[in-house]
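First comes the structure, then the notes that go with it.
The values are calculated or read from the model by the stated rules, or taken from the named source; none is laboratory data. None of the values given here were measured: they were computed from a predicted structure. Every residue, glycine among them, receives a Cβ derived from its backbone with ideal geometry; neighbour counts consider all protein chains shown. Keep in mind that these areas ignore ligands, DNA and RNA; they rest on the heavy atoms of the full protein, side chains included. Shrake-Rupley method; radii C 1.70, N 1.55, O 1.52, S 1.80 Å.
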Amino acid sequence: MKKVLVATEKPFASAAVAAIRKVVEDAGYTLALLEKYTAKEDLLKAVADVDALIVRSDIVDREVLDAAKNLKIVVRAGAGYDNIDLTACTEKGVVAMNTPGQNSNAVAELAFAMMLYMARGGFDGGTGTELRGKTLGLHAYGNVGKYMAKIAHGFGMETYAFDPFVSKEAMEADGVKPMEKVEDLYRTCQYVSLHIPANEQTKKSIGFALMSLMPKGATLVNTARKEVIDEEGLLKMFAERADFKYLSDIEPACKADIEANYPKRFFFTPKKMGAQTSEANNNAGIAAARQIVDFFEKGDIRYKVNK
Ligand code: 3PG
C-alpha cells in the first residue's frame, strides 16, 4: 500500500487535511502527517518509508531525499518550488511537481490588503490616499499577476506588466498594458508588485537601480520571495527616498534596521502568509493529493517541474 506524507512546518487548515486524506484514502493509500515540526531530524525520520511527499515551503534538500529511500514523487502544494532540490530529485528519479494557480488568489488578496493598509496610513485615522487612478506594475504576469490585475481593475487602477515569458496579446486581452523593458515598468508605476520566482537569474535582482526609477509615492509590494530583493539597495532606497514604502509578507534580513529608522513606511506580516487562507489550503492540498494519485494510477506528469 502506498504511503503519502504531508510534511508541513506551517500546517494546512484541518479541513484541508481532511480533504487530502479523503483523496489519498479513496485511492487505497495511507496518509501520514508531520505538522509544525521544528527539527529537520523529525522530517528525515518521517520520510524514511514514504512513496509520496506533500510539502509547502518545507526544505526538501539532498539530505531529505537521501533519507526518503522509497520516494517517487514530491509535490509542493503551492507555486514556488525553490525549496526543492530539483537536481537531486532528477538524479534520484523522483518526480517533483507544484500546483500552479491553486493559491494565487489568496496571495493577490493579501497584496491588496497591505496596499490598502499602507495607503490609509496604517488605519491611524489620518488622511490617506486611494488606489483608484494609481498605476500598478506587475513584475511577472503569471497566476498571481492575473488575479492582481482583476482586483486592480475593480479598484480603478491602471495596470501594467513586465513578463518576457507572456505574450503582449495575452496581457492586452486582460486589459493590462505590456511593458517591453522592466525599467519602464518601474518608471511608470507608483505601485510595483513582485511575482517573480526565486532562482539564479532573479536572486537580488530588485535593487536600487530599479526601485529608484519609481515615481513619487513609490510602494514596492513583495509577496514573492525575500531572496529576489537586494537588501542593500532596499536600505539605500529607504534612506534616499522619503516617499518610498515597502510591503511584504516575507520579513527581510534588514527588518530591524527598517523598523528602527523608517517608521510608517513599511509593513511586514509576522509570518509568510500570502497563501494562508482555508480556500488556498484546500485548493493546493487537494490538487497535490490528486496529482499524486494521477501520477501513480495514470502516469500523469503534467505538473512536473524537474527534468
Ligand atoms: C507559494 O509559493 O505557493 C507561496 O509562496 C505560498 O507558500 P506557503 O505554502 O509556504 O505559504
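So here's what we get for this one:
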item	result
Pair list, Cβ under 8 Å, 6 or more apart: the range 244-260 residue within 14 Å of ALA224 (Cβ to Cβ), other residue assigned to a loop (DSSP other than H, G, I, E, B) and open to solvent by 30 Å² or more (accessible area, probe 1.4 Å)	TYR246/ARG265; ASP249/LYS271; ASP249/LYS272; ASP249/MET273; ILE250/ARG225; ILE250/LYS272; GLU251/PRO270
Tabulated pairs, the range 277-289, first over 15 Å from ALA7 (Cα atoms), second open to solvent by less than 40 Å² (accessible area, probe 1.4 Å) and near the ligand (Cβ under 10 Å from one of its atoms), C-beta under 6 angstrom, 6+ apart or interchain	THR277/ALA106; ALA280/ASN103; ALA280/ALA106; ALA287/THR99
Subset of the range 78-112 (residues that are within 13 Å of the ligand (Cβ to nearest atom) and assigned to a loop (DSSP other than H, G, I, E, B))	GLY78, ALA79, GLY80, TYR81, ASP82, ASN83, THR99, PRO100, GLY101, GLN102, ASN103
Checking ASN70 against (1) within 16 Å of the ligand (Cβ to nearest atom); (2) out of contact with any helix residue (DSSP H, G or I) (no Cβ under 7 Å at 6 or more places or on another chain); (3) in the same structural domain as LYS10 (by TED's automatic domain parsing), the condition it does not meet	(1)
Given (1) buried (at least 17 other Cβ atoms within 10 Å of the Cβ); (2) free of Cβ contacts under 8 Å to residues at least 24 places away in the same chain, index of the condition ALA224 fails	(2)
